[in-house]
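**Student:** Dropping a structure here in structure tokens format, bear with me for questions.
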Amino acid sequence: MGNVLQLLLAGLATGAIYALAAAGFALLWQTARTINFAQGEFVMLPAFFVLAGTEWLGLPLGLAILLALVLALLVLGLLFKRAIVDPLLPQGVLPVVIATIAVGILLKESVKEFYSAEAQPFPSLVAGGTLHLAGAVLSLQDIAVLLVAGLAILAMQLFLTRTRLGRMMQATAQNPEVALVLGIPTRRMVLYTFLLNAALVTLASILISPVYLAKFDNGETLGLIAFIAAIVGGFNQIRGAIAGGFLVGVVDNFGAAYLSSDYRTGILLLLLIAVILLRPHGLWGRAEERTV
Amino acid sequence: MSAGRLAGPAIGLAVTILLLLLPLTLRGYGIYLMSLWAVLTIAAMGLNLTLGYAGQVSLAQGAFVGIGAYAAALLTTAGWPLALGMAVGVGLGLIVGWLLGYPALRVQHHYLAFVTLGANTLLFLVFRNEDWLTGGVYGIPGIPRPRIFGLATDDPLVFYYFCLAMLLLVTLALGLLLRSPWGRAFEALRENPVRAESLGIDTRRYTLLAFAIGSAVGSLAGTVYAPLVQYIDPYPFALGMSLNLLLMVVVGGSGRFFGPWLGAAIAVLLPEWLRFSEGLYLVFYALLVILVLVFLPGGLMGIAERLRLGRRPVAG
Amino acid sequence: MRRRELLSAIALLALAAPSLQAAETVRIADVIELSGNGATVGNMWKNAVEMAVEEINAAGGILGRSIEITHFDTQSNPGVSRAAVQKALDLDPYVVLGPIYSSSTKVNMQLTRQAGVPQIVGSEASVITEMGNPFIFRTSLSQAASMPKLANYIRDGIGAKSVAVLWVNNDFGRGGRDAFVAEMEKRGIKVVADISSEVGQSDFAADVVKIKQAAPDAAFVYLHEEESARFLREARKQGLDVPLIGETTLLNQKVIELAGEAANGVRGHVGLSADAPLPSIAAFRDKFVARYDTTPDHNAIKGYLAVYTVKEITERIGGFDRKAFADALHCTTITLEQEPGILIETSWDDKGDVDRVSFLAEVVDGKQKIVDTLPPLGVTCN
Amino acid sequence: MSALFEVEGLSRRFGGILAVDSVSFSLAEGEILGIIGPNGSGKSTLFNCILGQLRPTAGRVRFAGRDITGMRPSALARLGIGRTFQLLQIFPGLEVRANLLAAGQEHRGSMAGRLFGPPDAGLAEEVERMLAFFRLAHLAREPAGSLSYGQQKLLDIAMAFMAGPRLVFLDEPAGGVNPGMLAELGERLRLLNRERGASFVLIEHNIEFVMGLCSRVLVMAEGRIIAEGAPEAVRADPEVIEAYLGG
């Protein structure tokens, strides 16, 4: 029982990170028809912005995180949109997919060359320590990850549904033509989406790196699992993608513990393929009427 | 105009002579690189059929190279001739490729990219975990080089000519295929699947065929790769090779017949050209891919076409 | 550009090849992981090789000839490593050093064998020296040599009757796991949990739970550096109270740095260690730190002693004959008195396997502490 | 004379909305039938249900005595049912000639024949005829995407006729075509009808075009057929005027 709870809680804590990455992934798809194959590297990078801030510039952690956020907004938000997506999207979805594959390589290799090929310890914002709960153990870091990620997801949902700006972004995502007719500055809304994604990956990066260390190739696994999460949950619906993140985190842990550790990744991939074939809009997604 | 018309054959002749004679001036490493280029070009031409001509994205081509490589390695180390390994490898490639096509009937574009990506990783896991068959992480050592009409190909130069001959055969076969109505149906599928279907083109069947044939060509490349490196394990056939093959096709020019020749050449030679940059060559490569995508949607072969004004696109 | 390079290389070789003996330098090729996942270990090796070469050249070279070292990057990729060895052989080197990754060595060792060039590698997979290749030599104990020592420790030192084994599912991890399990069976120790994990895996919660459920007397953890650190943190978090046993990597300084406090209490066997209680190693460590501003690991020691092995054996045979070199490096021992650069007395058997003392260590207060020195297994030579 | 083509009680529901509400009509060999109606009256949905793009919720479709309900578009095409789309649908990256070859190649011979047979699938002459008929011969080697809109429209229609269909569905053939070209287009269609005996069903907004071409007209509104008859009679029908003005 304690073990089951342990796996569940650990799965949820990791799943929270997947959820953040998957939500950003879904946002980009909804609003800008952008499939970001570099989303994993996007999560990897901000941790190195922080490390560059503390190690190279000698900044205190808080300031370094702020710097990382600003850099992420500029590079992973603005620059990514202007230099990659804007010129390529008119050619279709596929060129963007291929370009983001290249972006992923670029980010990964750049970090390796210009920072380090080695895994880096990353400062935690939370004190060490653990909490025992019915035979399971949670570290304060886990609790912080769950709390912060949960709050961020909640805040994002409130922002998207309750504020004027958020609703304008939603409208743009759902039907850009109509949004334009309604006088919504859709181009700016699309830009905001990219910025929001950059903020989400920065948050994910800062939450995950103290636990799993910062390393240039962390994005490979993380990106793959975030895609699976988004698609399994339903990536035309942000709520679906978030639920998918938690689900995938939990399934991964239970699968590894009770099914097969050899085929650990395979279990998730089978889930992915089954969902795509049987329920392409995802478990919690909205069915998109396929236009012929 | 007449000069433009002669340019194609003239370039072809020059490239052929270069490919035949250049290795004579090279030592082991240069010959190995050219052999590797020939093998990767075959694999990329297969992907170019699926992606460039039929418009179906596949991120699993590397796994198909693996299927061919394992078929060849297992059979030749058990004493069977490579020809059998090739037949089995290509046959397996056709079957698994056909199966991989089924998801493409339901989902397109990015979804298809994910499904095929998942398939690649699953196949990799099978290569790695089913060690009773594949030798698992230990791989298969001592893969012999074939004898062609009684001639041993142990010498790197002789084996290079074998690789080149395979490449030319594949190029010829694909050229004929793409000129045939099948090729035209593939292109119609890429250009406008709904219209193609309304004109009687069975898009389901052609989609499956595009996957099966493109994948089988990838497997054929694998059957040459195994005796080239003489040792295989699962790692070369993970997602990385699929992504690299995809980038080769795109850089060379997706849907351009000779695009993979150029794309593979750049992928193989770029680390050499950028030797001064040490590890940075991948950064440059990624930048090159992005620049090509943004500024040259037709890939590098697209420039060649633009330069030869008056010539038509290489279409069926 | 490439063609010009090749042509000039060919011209150079055409001149140089027939009269290798007459040249003033001796060419050594270093084929090593400079990029890719193995960049960390590869650069340790490369830096130490550079250091050794400079020292030897400054002291007059080998038999009066200075070493000309060329590094080739395997990109941690077996296919590329084969190309890199091919490229290295085009330079007609006297000896090839590296690589470290066993998967790469297995692919490229065939080439040096065909060319008749001795290859001194940093790989530890058992299979490398089991193919009857007369030109392959190790710099460290193979998995087959380390595991018996570790197994004895688990039986005698820990007193375990049952163990769990957690390994990384690649040729390194699988090779170690297979050798380990065989040794356990020989000693009648039960393997109660046999858990594979992925390269780059971040979440080890399930793995720790599985070990807990199996309730073994000890757990043997055979992962790469980052994964080791992530596992140790998760184990500490879940309060896993089983002795955690490692082989070299788990007690590595990098793991300790990454895992922090969670590494304390880890025990195990260490083949080579920069913390070994030997003055020669301590001196090497200081030199390395002074030069590169980073602590050397066992891979640095391997690279360093590989170069000094070339020097010592060449001086023994009195010339630059590759075949004689390979013969002389079989069934031999290099002592510290003969060549201080060997750092630690090392013997090679008839297959190219290494034998030497090794250590039992424990992580105490964030430092690897050597608690015992184990004698060599004893070289078998017919 | 038995009908060439029959639709019987065809319905299609989207969620709560009945987009096509038990529509029935038939068509004789050689007939040109026009379907008109205001936007959103269900014309396109009707076409899509007939032509295999959408599965009808209820109803039957028969062609030459055979039940073709729910058959895939390519199968319908091979039976001799061609179509064009509301928006231009060609293969822009292929040459004009290749567009026509692709349009005709699947209608005869076997898959093996298409792989090992001649590259032009024995359609060279037919392609020349079509190019001449639609006055596109001088553009045969141009990429179809580089043609003017009117030329592309002609190509689009030429493709639908490549295989000599018995029945062709035209979805707004006059849409976006300039008046000069329009007369030409009508002329070509009439000729195809007369010389090849092809029957047509066309959806069209351009009432003049429909009246000039069709022998019979159906009027749809809110998913149902509200009027049917000769063009003049329909034009005078008060219910039709109401549907257009009131819609």
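**Student:** Would you point out which residue out of B:Leu247, B:Leu239, B:Leu288 is free of Cβ contacts under 8 Å to residues at least 60 places away in the same chain, within 12 Å of chain A (Cβ to nearest Cβ) and under 27 Å from B:Leu123 (Cα atoms)? Before you say what the answer is, go through the steps one by one.
**Tutor:** Values: B:Leu239 fails: free of Cβ contacts under 8 Å to residues at least 60 places away in the same chain; B:Leu288 fails: under 27 Å from B:Leu123 (Cα atoms).
Only one candidate qualifies: B:Leu247.
**Student:** Return yes when A:Phe246 is under 26 Å from A:Leu147 (Cα atoms), open to solvent by 20 Å² or more (accessible area, probe 1.4 Å) and within 11 Å of another protein chain (Cβ to nearest Cβ) and no when it is not. It would help to see each step written out before you state the result.
**Tutor:** Details: under 26 Å from A:Leu147 (Cα atoms): yes; open to solvent by 20 Å² or more (accessible area, probe 1.4 Å): yes; within 11 Å of another protein chain (Cβ to nearest Cβ): no.
It is false that A:Phe246 is under 26 Å from A:Leu147 (Cα atoms), open to solvent by 20 Å² or more (accessible area, probe 1.4 Å) and within 11 Å of another protein chain (Cβ to nearest Cβ).
**Student:** Among the numbered conditions (1) buried (at least 19 other Cβ atoms within 10 Å of the Cβ); (2) within 13 Å of chain B (Cβ to nearest Cβ), tell me where C:Gln114 comes up short.
**Tutor:** Condition (1) is where C:Gln114 drops out.
**Student:** Another question, then. Condition check: surrounded by fewer than 17 Cβ atoms within 10 Å (Cβ to Cβ) and either within 14 Å of chain D (Cβ to nearest Cβ) or free of Cβ contacts under 8 Å to residues at least 60 places away in the same chain (or both). Does B:Trp132 satisfy that? Show your work before the answer.
**Tutor:** On the way: surrounded by fewer than 17 Cβ atoms within 10 Å (Cβ to Cβ): yes; either within 14 Å of chain D (Cβ to nearest Cβ) or free of Cβ contacts under 8 Å to residues at least 60 places away in the same chain (or both): yes.
When the stated conditions are applied, B:Trp132 passes them.
**Student:** Next up: Please tell me if D:Pro165 is under 25 Å from D:Ser24 (Cα atoms), in a loop (DSSP other than H, G, I, E, B), away from chain B (no Cβ under 14 Å) and modelled with pLDDT of 85 or more. I'd like the intermediate steps shown before the answer.
**Tutor:** Details: under 25 Å from D:Ser24 (Cα atoms): yes; in a loop (DSSP other than H, G, I, E, B): yes; away from chain B (no Cβ under 14 Å): no; modelled with pLDDT of 85 or more: yes.
Judged against the criteria, D:Pro165 is not a match.
**Student:** Consider C:Pro296 against the criteria (1) assigned to a helix (DSSP H, G or I); (2) closer than 11 Å to C:Asn47 by Cα: it satisfies all of them except one. Which criterion is unmet?
**Tutor:** Just one mismatch for C:Pro296, condition (1).
**Student:** Which residue, of D:Leu139, D:Leu170, D:Leu131, is farther than 17 Å from D:Gln86 by Cα, in contact (Cβ under 8 Å) with a residue 40 or more places away in the chain and open to solvent by less than 30 Å² (accessible area, probe 1.4 Å)? Don't jump to the end; show me each part of the working.
**Tutor:** Values: D:Leu170 fails: farther than 17 Å from D:Gln86 by Cα; D:Leu131 fails: in contact (Cβ under 8 Å) with a residue 40 or more places away in the chain.
Checking each option against the conditions leaves just D:Leu139.
**Student:** So in segment A:103-120, with the set limited to residues that are open to solvent by 50 Å² or more (accessible area, probe 1.4 Å) and in a loop (DSSP other than H, G, I, E, B), which one is nearest to the other protein chains (Cβ to nearest Cβ)? Even if it seems obvious, please write down each step before you answer.
**Tutor:** Of all residues in segment A:103-120, those open to solvent by 50 Å² or more (accessible area, probe 1.4 Å) come to A:113-115, A:118.
Narrowing further to those that are in a loop (DSSP other than H, G, I, E, B): A:115, A:118.
Values: A:Tyr115: 12, A:Glu118: 5 Å.
Among them, the one singled out is A:Glu118.
**Student:** Identify all residues within segment C:342-359 that are part of a loop (DSSP other than H, G, I, E, B), free of Cβ contacts under 8 Å to residues at least 60 places away in the same chain and touching a Lys or Arg at 6+ places or on another chain (Cβ under 8 Å); write none if there are none. Before the answer, list the steps.
**Tutor:** Here is the first cut: in segment C:342-359, the residues part of a loop (DSSP other than H, G, I, E, B) are C:343-345, C:349-353, C:356-357.
From what is left, the residues that are free of Cβ contacts under 8 Å to residues at least 60 places away in the same chain are C:345, C:349-350, C:357.
Within segment C:342-359, C:Glu345 is the sole residue that qualifies.
**Student:** Quick test for you: out of B:Thr121, B:Thr171, pick the one residue that is part of a helix (DSSP H, G or I), among the polar types (S, T, N, Q) and under 30 Å from B:Ile31 (Cα atoms). Even if it seems obvious, please write down each step before you answer.
**Tutor:** Numbers: B:Thr121 fails: under 30 Å from B:Ile31 (Cα atoms).
Checking each option against the conditions leaves just B:Thr171.
**Student:** Consider segment C:150-191. How many of its residues are more than 14 Å from chain B (Cβ to nearest Cβ), part of a helix (DSSP H, G or I) and open to solvent by less than 10 Å² (accessible area, probe 1.4 Å)?
**Tutor:** Total meeting the criteria: 5.
**Student:** Among residues belonging to segment A:130-143 that are outside any helix (DSSP H, G or I) and more than 10 Å from every other protein chain (Cβ to nearest Cβ), point out the one that is surrounded by the fewest Cβ atoms within 10 Å (Cβ to Cβ). Steps first, please.
**Tutor:** Just the residues of segment A:130-143 that are outside any helix (DSSP H, G or I), to begin with: A:130-139.
Adding the requirement that they be more than 10 Å from every other protein chain (Cβ to nearest Cβ) leaves A:131, A:133-135.
Values: A:Leu131: 12, A:Leu133: 13, A:Ala134: 9, A:Gly135: 11.
Within segment A:130-143, the match that is surrounded by the fewest Cβ atoms within 10 Å (Cβ to Cβ) is A:Ala134.
**Student:** Among A:Leu146, A:Leu78, which is the only one that is more than 23 Å from A:Gly249 (Cβ to Cβ), assigned to a helix (DSSP H, G or I) and more than 10 Å from every other protein chain (Cβ to nearest Cβ)?
**Tutor:** On the way: A:Leu146 fails: more than 23 Å from A:Gly249 (Cβ to Cβ).
When all the criteria are applied, what remains is A:Leu78.
**Student:** Oh, and also: So which helices (runs of 4 or more DSSP H) stay within segment C:34-126 end to end and still have 3 or more residues that are in contact (Cβ under 8 Å) with a residue 60 or more places away in the chain?
**Tutor:** Working: elements: C:39-58, C:78-90, C:102-115.
The qualifying helices (runs of 4 or more DSSP H) are C:39-58, C:102-115.
**Student:** For segment B:183-254, which helices (runs of 4 or more DSSP H) that fit wholly inside it have 3 or more residues that are open to solvent by less than 10 Å² (accessible area, probe 1.4 Å) and in contact with a Cys (Cβ under 7 Å, 6 or more places away or on another chain)? Before you say what the answer is, go through the steps one by one.
**Tutor:** Numbers: elements: B:193-198, B:203-229, B:239-252.
Helices (runs of 4 or more DSSP H) meeting the threshold: none at all.
**Student:** Quick one: which of C:Ile281, C:Ile245 is in the same structural domain as C:Phe137 (by TED's automatic domain parsing), open to solvent by less than 10 Å² (accessible area, probe 1.4 Å) and either touching a residue at least 40 places away in the same chain (Cβ under 8 Å) or acidic (Asp, Glu) (or both)? Quick ask: steps written out before the conclusion?
**Tutor:** Details: C:Ile245 fails: in the same structural domain as C:Phe137 (by TED's automatic domain parsing).
Just a single option satisfies the conditions, and that option is C:Ile281.
**Student:** Among the residues of segment A:163-185, write down those that are buried (at least 22 other Cβ atoms within 10 Å of the Cβ) and out of contact with any Phe, Trp or Tyr (no Cβ under 7 Å at 6 or more places or on another chain).
**Tutor:** Keep residues of segment A:163-185 that are buried (at least 22 other Cβ atoms within 10 Å of the Cβ), which gives A:169, A:172-173.
Listed by number, the residues that qualify are A:Thr172, A:Ala173.
**Student:** Residues in segment B:58-76: is at least one of a type outside the set (Lys, Arg), in contact with a strand residue (DSSP E or B) (Cβ under 8 Å, 6 or more places away or on another chain), open to solvent by 40 Å² or more (accessible area, probe 1.4 Å) and more than 10 Å from chain A (Cβ to nearest Cβ)?
**Tutor:** Yes, segment B:58-76 contains at least one residue that is of a type outside the set (Lys, Arg), in contact with a strand residue (DSSP E or B) (Cβ under 8 Å, 6 or more places away or on another chain), open to solvent by 40 Å² or more (accessible area, probe 1.4 Å) and more than 10 Å from chain A (Cβ to nearest Cβ).
**Student:** Right, next: Considering only residues that are open to solvent by less than 10 Å² (accessible area, probe 1.4 Å) and in a loop (DSSP other than H, G, I, E, B), look in segment D:91-125 and name the one that is farthest from the other protein chains (Cβ to nearest Cβ).
**Tutor:** D:Leu123
**Student:** Run down C:Gly260, C:Gly246, C:Gly239 and say which single residue is within 12 Å of chain A (Cβ to nearest Cβ) and outside any helix (DSSP H, G or I). Steps first, answer last, please.
**Tutor:** Values: C:Gly260 fails: outside any helix (DSSP H, G or I); C:Gly246 fails: within 12 Å of chain A (Cβ to nearest Cβ).
After applying the criteria, what remains is C:Gly239.
**Student:** Just for segment C:320-336: of the residues that are in contact (Cβ under 8 Å) with a residue 40 or more places away in the chain and in a loop (DSSP other than H, G, I, E, B), which one is surrounded by the most Cβ atoms within 10 Å (Cβ to Cβ)?
**Tutor:** Of everything passing the filter in segment C:320-336, C:Leu329 is surrounded by the most Cβ atoms within 10 Å (Cβ to Cβ).
**Student:** Among what's in segment C:103-124 and is out of contact with any Asp or Glu (no Cβ under 6 Å at 6 or more places or on another chain) and small (Gly, Ala, Ser), pick the residue that is modelled with the lowest pLDDT.
**Tutor:** Start the filter on segment C:103-124 by keeping residues that are out of contact with any Asp or Glu (no Cβ under 6 Å at 6 or more places or on another chain), which leaves C:104-124.
Filter once more, keeping what is small (Gly, Ala, Ser): C:104, C:115-116, C:122-123.
Working: C:Ser104: 90, C:Ala115: 93, C:Gly116: 95, C:Gly122: 95, C:Ser123: 93.
Top of the filtered list is C:Ser104.
**Student:** So, C:Gln238, is that one among the polar types (S, T, N, Q) and more than 19 Å from the chain's Cα centre (by Cα) or not?
**Tutor:** Details: among the polar types (S, T, N, Q): yes; more than 19 Å from the chain's Cα centre (by Cα): yes.
In short, yes.
**Student:** Could you say which residue among C:Gly38, C:Gly42 is touching a strand residue (DSSP E or B) at 6+ places or on another chain (Cβ under 7 Å), within 14 Å of chain A (Cβ to nearest Cβ), open to solvent by less than 40 Å² (accessible area, probe 1.4 Å) and not β-branched (Val, Ile, Thr)?
**Tutor:** On the way: C:Gly38 fails: touching a strand residue (DSSP E or B) at 6+ places or on another chain (Cβ under 7 Å).
Testing whether each residue is touching a strand residue (DSSP E or B) at 6+ places or on another chain (Cβ under 7 Å), within 14 Å of chain A (Cβ to nearest Cβ), open to solvent by less than 40 Å² (accessible area, probe 1.4 Å) and not β-branched (Val, Ile, Thr) leaves just C:Gly42.
**Student:** Also, quick follow-up: For segment D:171-247, which strands (runs of 3 or more DSSP E) that fit wholly inside it have 2 or more residues that are modelled with pLDDT of 90 or more and more than 24 Å from D:Ala77 (Cα to Cα)?
**Tutor:** Numbers: elements: D:199-203, D:216-221, D:224-229.
In segment D:171-247, D:216-221, D:224-229 are the strands (runs of 3 or more DSSP E) which contain 2 or more residues that are modelled with pLDDT of 90 or more and more than 24 Å from D:Ala77 (Cα to Cα).
**Student:** Can you tell me which of C:Glu362, C:Glu339 is in contact (Cβ under 8 Å) with a residue 24 or more places away in the chain, over 22 Å from C:Trp45 (Cα atoms) and among the charged types (D, E, K, R)? Outline the logic, then answer.
**Tutor:** Details: C:Glu339 fails: over 22 Å from C:Trp45 (Cα atoms).
Just one listed residue meets the conditions, C:Glu362.
**Student:** Another question, then. Of A:Ala64, A:Ala22, A:Ala16, A:Ala32, which residue is closer than 30 Å to A:Asn175 by Cβ, open to solvent by less than 20 Å² (accessible area, probe 1.4 Å) and either at pLDDT 90 or above or facing another protein chain (nearest Cβ under 9 Å) (or both)?
**Tutor:** Details: A:Ala64 fails: closer than 30 Å to A:Asn175 by Cβ; A:Ala16 fails: closer than 30 Å to A:Asn175 by Cβ; A:Ala32 fails: either at pLDDT 90 or above or facing another protein chain (nearest Cβ under 9 Å) (or both).
After ruling out the rest, the residue left standing is A:Ala22.
The values are calculated or read from the model by the stated rules, or taken from the named source; none is laboratory data. Since this is a predicted model, take the numbers as computed values, not measurements. A quick note on method: Cβ atoms are made from the backbone with ideal geometry, for glycine too, and the neighbour counts reach across all protein chains shown. Only protein heavy atoms, including side chains, enter the accessible area calculation; ligands, DNA and RNA are left aside. Shrake-Rupley method; radii C 1.70, N 1.55, O 1.52, S 1.80 Å.
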